[in-house]
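Worksheet: the structure to be examined is printed underneath.
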Amino acid sequence: MEIIVRENAEIASKQAGKYIANKIRHANDIVLGLATGGTPVKMYNELVRQHKEEGLSFAKVSSFNLDEYIGLTGDHDQSYRYFMNDNLFNHVDIDKSKTRVPNGMAEDIPTECAAYEEDMKNAGGVALQVLGLGTDGHIGFNEPGSSLASRTRIKTLTKQTCEDNARFFNSIAEVPIHCITMGIGTIMEAEEIVLLAFGEGKADVIKEMVEGAISAECPATILQMHPNVKIFIDDAAAAKLTHLEYHKYVYNNKPAWQQF
Ligand code: PGA
């Protein structure tokens, strides 16, 4: 795990955006795994800015989103399809037919999930997966107790996640309790992972993810087993890390060839 600690969410998001933009620039075709939530918004803003001001093209990008609420249509303003259109796809030159978000309105959820996995495989797999981090340790919507080998499937959201996400709805009663999410096994197959987490509310779970024992109790701990993970966090989210000074020292002393 490479831990990149920056002063605030703006600076960390911009840097993560630049890193992802460079990956897009240097690839012929690239399959991105994308995330929603409050955390990645500023990173998407940077990608849009680079498209508008620096000629970054998404013409050769295809994407698979991590998850979607069951029961919300793509034009519901809290669906993750809507989020992606609103925060990224509508503002760049991506071919929307190459952007995938699980269909939360599918009549047959297991078939939808199996097809999603198959489509990812046929696309050659995810090259770079963006992740946020739930306060309960979820990645995607893989809540505590999820199998570390899980594939795309239905999940029931924890009360904690419903409470965390209620801020986006009129009330907690409106937050769907079911979703489709890529599994932890699915996420772990990405060639590279970029996780973002900001604010003091994420400090405990960041410590657990980086320093805790690998356990389905905190699904994000499985990322310790992935060979290529970058964690972009701000000072507030990093505050409880035992080896914080070391992580900063590593970052500040990167050999030139390793800098980005
Ligand atoms: P947030 O959610 O970005 O809204 O904090 C993170 C997550 O649930 O993955």
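The values are calculated or read from the model by the stated rules, or taken from the named source; none is laboratory data. Every value quoted in this text rests on a predicted model; they were computed, and no experiment measured them. Because the Cβ atoms are built from the backbone with ideal geometry, glycine has one as well, and the counts that use them run over all protein chains shown. When the accessible area is computed, the model is the full protein with side chains, heavy atoms only, and any ligands, DNA or RNA have been set aside. Shrake-Rupley method; radii C 1.70, N 1.55, O 1.52, S 1.80 Å.
Site pair Arg151 and Ile172 shows an inter-label distance of 3.5 nm when each label is modelled 7 Å from Cα along Cα→Cβ. Does the stretch 101-251 come out rounded, prolate or oblate, given a ≥ b ≥ c as the square roots of the eigenvalues of its C-alpha gyration tensor, rounded meaning a/c under 1.5 and, failing that, prolate meaning a/b above b/c? Oblate is the answer for the stretch 101-251, as a/c is 1.5 or above yet b/c matches or exceeds a/b. Kirkwood analysis of the Cα pair distances in the stretch 42-90 returns a hydrodynamic radius of 12.0 Å.
Whenever you get a sec, compute what percent of the accessible area on the chain sits on carbon and sulfur atoms (1.4 Å probe).
50
On the principal axes of its alpha carbon atoms, the stretch 1-126 extends 44, 32, 30 Å, with the longest extent given first.
Distance from the C-alpha centroid of the stretch 218-243 to that of the stretch 186-201: 8 Å, rounded to the whole angstrom.
Between Arg25 and Ile11, the simple label model (points 7 Å from Cα in the Cβ direction) yields a spacing of 2.2 nm. Judged by the gyration tensor of its Cα atoms, with axes a ≥ b ≥ c, the stretch 65-153 is rounded; a/c sits under the 1.5 cut.
Calculate the FRET efficiency for Tyr246 and Asp77 from the Cβ-Cβ distance with a Förster distance of 41 Å, rounded to the nearest 0.05. Using R0 = 41 Å, I get an efficiency of 0.45.
At a 10 angstrom cut-off on C-beta neighbours, averaged per residue, how do the peptides 201-211, 186-196 rank from highest to lowest?
186-196, 201-211
For every helix of n ≥ 4 consecutive DSSP H residues, a contribution of -39,500 (n - 2.57) applies; sum these over the chain, divide by its total residues, and give [θ] at 222 nm rounded to the nearest 500 deg cm²/dmol.
-10000 deg cm²/dmol
First measure r as the distance between the Cβ atoms of Lys159 and Lys52, then evaluate 1/(1 + (r/R0)^6) with R0 = 45 Å and state the FRET efficiency to the nearest 0.05. E between Lys159 and Lys52, to the nearest 0.05, is 0.65. Here the stretch 146-227 is described by how far its Cα atoms reach on the three principal axes: 40, 31, 21 Å, from widest to narrowest.
With 22 Å as the limit, write out which pairs from Lys52/Lys98; Lys18/Lys254; Lys14/Lys230; Lys159/Lys202; Lys18/Lys230; Lys121/Lys159 have Cα-Cα distances beyond it, or answer none. Table pairs above 22 Å Cα-Cα are Lys121/Lys159. Once divided by 2.2 N^0.38 Å, the Cα radius of gyration of the stretch 181-242 becomes 1.10. The order of the peptides 170-179, 84-93 by mean Cβ neighbours within 10 Å, most packed first, is 84-93, 170-179. For the chain, the C-alpha radius of gyration sits at 0.95 times the compact-globule guess of 2.2 N^0.38 Å, with N the residue count.
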